Amino acid sequence: MSVYHFFLYLQPELDCFITNTNNNMKNIITLALLLLSLLPMMGQQKAPEGFTLIEEQPEGELRIYTRTGSIVKEMIYEDDSHEIVTDTQTGTVNIVFADDGSVYIQQPVSESYYDGWIKGTLSADGKSFVVPTGQYTAYTRSFDMAVQVWIMNYDAEQDTYVADQTVTEMVYTIADDGSIALQGTDQQHVLGCVNRCFGDTFSYLDFEWHNNGSDYETVYVPTDIEIIAPPADLQTQTFIVTTGINDGAQWDAYESTVQLGFDGDDAWLQGFTDLLPKAWVKGRRDGNTVTFPTGQQLGSYLGYMFYMVGAKADDNSEPVVTDIVFTYDGNGTYTSYTDAFVSSAKDDIAYIIYYMGMTLSDKPEQAVAEPEDLLTDDYLMDYQEPNNNGRLIQKEANVWAGLHEASSTVYIQGISPQLPEAYIAGTLTGEGKVVFASPQFLGTYDDEEMGKFPLYFQAFKGDDGTLLPEVSFHFDRETHVLDAPSSAISIGINKTGLLTLQYIYNATFVPASMAAVNSPKAGSVASRGRIFDLQGRPVGTSLPRKGLYIQNGKKVVVSSYK
């Protein structure tokens, strides 16, 4: 069964998890991810002078504790009335103890959906540490706002909590059993967050209490959670990850980097998920495969323990938890067709992030570049594509193709409507075939709404969707027609065959001069002709960005987007 068909049956199963057993946590994490998505530096303003935010996990020993203690939060009702209620702290907290005596706490306020770290100093006897108040845990440049941590006092007159700026530090004591207790808090004096507004737009929110929750009588209890760590002298290599992901709301293309290293046949992978980029998982190399056992602990994120879980379909098309297997191609690329999950359950698919397979490449991908002396002709691509009901319907598209005699290579441009300037390249054999390797990187498509996507040309078996390493076409040297493909082809945004934008069946490529078609209407692709930049490089058939171009042998000035 193909990965694509696996997705078709697996998605209802995943939706079930979201809707039922995992709903509350899923909503919390989704909200947290939404809030965190506001944090990238989107605007042009700079953070205020002297502003410090610790976003990356500091170096040192990471320990995971269970949170205990109480919370106060404000409940606001439909009639605009409100009340302050108490609750119990839950979940986990990450604390890093550095070699220089520094102590770092991530998400110091239990129900604050920001994952910045605050810094303290360990006492000489190791029995306490002091953390200055007023430290930041988040900043969004688009709003020019930050989140700051303070001890806050209850104001009975306003029925709210206000920051006590006279309290300049928080003291945490460490008991003999390793538990850590925050001193000096009770229901009237809590550890909470406030907005800090550096611009004028939201100045009215400055120092306003984050009323979603503040902590008091906090105690962190040590856990028996072991953090997986590689040998200290492990040598690693950076790999570029490409895949498709689902965060419970939508599908998207994904690109990141990981570190991969080997200690004998033990394999170590860091960066499986951006949620916990410093987490390691351990695998085993056997020939050209590397297997990472499922259920490995990734660590704590926003108070929840996450695990790496793999899954595949069994003979009955049911999801089965399994190890994640990568296959090495001998040329710098590892590919896994096992779906991988960031899951809140060690041995089940209660997922937060779903990765549809994964490809690790040791170098950035390069799109096919046409030779300077390549001559191409207008071609008609005649093909079939499934409609919404799955029935194949006949379609046509204008492309360009040419044979580069010196290298015996056939180039086709325009097969992807998203990247009409992109080429694919195939080798002409002595048997009258042109063989196109699969996948081929076409380039990056910039969608104004969804972001940037890597696009790939891929070959697959039309009956079950299995990806193939190549597709071949018969090539007639006299007519230059390419036909009788050995497989179907597609345009997708990851190498494992999912998130496909276009399916192309039974494609043939015929020179436009031979094609039995009606004269193109004014304004069609064929009548407009190709557009070139001033260096003679083709840039597609739709009007490009502002600038000076050549079309139909004449200069064209593009003053705006068309």
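Here are the numbers for this structure:
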read-out: Top-ranked residue in region 193-219 [being touching a Gly at 6+ places or on another chain (Cβ under 9 Å) and either hydroxyl-bearing (S, T, Y) or without any contact (Cβ under 8 Å) to a residue 12 or more places away in the chain (or both); ranked as nearest to F292 (Cα to Cα)]; value: T218
read-out: Scope region 305-317; condition open to solvent by 60 Å² or more (accessible area, probe 1.4 Å) and within 24 Å of the chain's Cα centre (by Cα); matching residues; value: K312
read-out: Given (1) small (G, A, S); (2) under 30 Å from E83 (Cα atoms); (3) open to solvent by less than 20 Å² (accessible area, probe 1.4 Å), number of the condition S203 does not satisfy; value: (3)
read-out: Near pairs, Cβ below 8 angstrom, 6+ apart or cross-chain, from region 116-137 (on the phi > 0 side of the Ramachandran plot) to any residue that is among the polar types (S, T, N, Q) and exposed (fewer than 15 other Cβ atoms within 10 Å of the Cβ); value: G134/Q165; G134/T168
read-out: Members of region 434-450 that are without any contact (Cβ under 8 Å) to a residue 60 or more places away in the chain and either touching a Gly at 6+ places or on another chain (Cβ under 9 Å) or outside any strand (DSSP E or B) (or both); value: V434, V435, F436, A437, S438, P439, E448, E449
read-out: Pick from region 80-106, criterion open to solvent by 10 Å² or more (accessible area, probe 1.4 Å), within 19 Å of I151 (Cα to Cα) and of a type in the set (S, T, N, Q), ranking: nearest to the chain's Cα centre (by Cα); value: Q106
read-out: Close pairs from region 144-159: first closer than 16 Å to Y114 by Cβ, partner open to solvent by 40 Å² or more (accessible area, probe 1.4 Å) and outside any loop (DSSP other than H, G, I, E, B), Cβ under 6 Å, at least 6 apart; value: A146/R196; Q148/R196
read-out: Residue in region 149-158 that is open to solvent by 10 Å² or more (accessible area, probe 1.4 Å), over 23 Å from H82 (Cα atoms) and in a loop (DSSP other than H, G, I, E, B) present; value: no
read-out: Check on S519, part of a loop (DSSP other than H, G, I, E, B), small (G, A, S), closer than 27 Å to L392 by Cα and at pLDDT 90 or above; value: no
read-out: Selection within region 397-412 - more than 15 Å from H480 (Cα to Cα) and either under 34 Å from the mean Cα position of the chain (by Cα) or of a type in the set (F, W, Y) (or both); value: A397, N398
read-out: Residue satisfying all of: in region 107-148; of a type in the set (D, E, K, R) and at pLDDT 95 or above; surrounded by the fewest Cβ atoms within 10 Å (Cβ to Cβ) among these; value: D125
read-out: Residue in region 274-291 that is among the small types (G, A, S), open to solvent by 40 Å² or more (accessible area, probe 1.4 Å) and touching a residue at least 12 places away in the same chain (Cβ under 8 Å) present; value: no
read-out: V320 being open to solvent by 10 Å² or more (accessible area, probe 1.4 Å), at negative phi and not aromatic (F, W, Y); value: yes
read-out: All positions within region 36-78 that are open to solvent by less than 40 Å² (accessible area, probe 1.4 Å), at pLDDT below 90 and under 24 Å from the mean Cα position of the chain (by Cα); value: L36, L39, G43
read-out: Hey, D463 open to solvent by 60 Å² or more (accessible area, probe 1.4 Å) and closer than 14 Å to I504 by Cα or not; value: yes
read-out: Filter result for V221 (at pLDDT 95 or above, over 30 Å from the mean Cα position of the chain (by Cα), among the aliphatic types (A, V, I, L, M) and part of a loop (DSSP other than H, G, I, E, B)); value: no
read-out: Some residue of region 413-421 being assigned to a strand (DSSP E or B) and either in contact (Cβ under 8 Å) with a residue 12 or more places away in the chain or open to solvent by 30 Å² or more (accessible area, probe 1.4 Å) (or both); value: yes
read-out: Residue in region 450-504 that is modelled with the lowest pLDDT, counting only those that are over 29 Å from the mean Cα position of the chain (by Cα) and polar (S, T, N, Q); value: T479
read-out: Output for region 83-121, where each listed residue is polar (S, T, N, Q) and in a loop (DSSP other than H, G, I, E, B); value: Q89, T90, Q107, S110, S112
read-out: Listing of strands (runs of 3 or more DSSP E) fully contained in region 332-391 that carry 3 or more residues being open to solvent by 10 Å² or more (accessible area, probe 1.4 Å); value: 333-336, 377-386
read-out: Residue count for region 237-261, restricted to those that are open to solvent by 10 Å² or more (accessible area, probe 1.4 Å) and β-branched (V, I, T); value: 4
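Residue-wise test of (1) within 23 Å of T140 (Cα to Cα); (2) modelled with pLDDT under 95.
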position: A156; (1), (2): no, yes
position: Y172; (1), (2): no, no
position: D176; (1), (2): no, no
position: S203; (1), (2): yes, yes
position: D206; (1), (2): yes, yes
position: G213; (1), (2): yes, yes
position: I225; (1), (2): no, yes
position: V258; (1), (2): no, no
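Here's the yes/no breakdown for (1) touching a Gly at 6+ places or on another chain (Cβ under 7 Å); (2) assigned to a loop (DSSP other than H, G, I, E, B); (3) touching a residue at least 12 places away in the same chain (Cβ under 8 Å):
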position: Q165; (1), (2), (3): no, yes, yes
position: L191; (1), (2), (3): no, no, yes
position: A229; (1), (2), (3): no, yes, yes
position: T242; (1), (2), (3): no, no, yes
position: I245; (1), (2), (3): no, no, yes
position: A249; (1), (2), (3): no, yes, yes
position: S256; (1), (2), (3): yes, no, yes
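The values are calculated or read from the model by the stated rules, or taken from the named source; none is laboratory data. From a predicted model like this one, the values you see are computed outputs, not experimental measurements. Cβ coordinates were reconstructed from backbone atoms using ideal geometry, including for glycine residues, and neighbour counts include every protein chain displayed. Just so you know, the surface numbers come from the protein's heavy atoms only, side chains and all, with ligands and any DNA or RNA stripped out. Shrake-Rupley method; radii C 1.70, N 1.55, O 1.52, S 1.80 Å.
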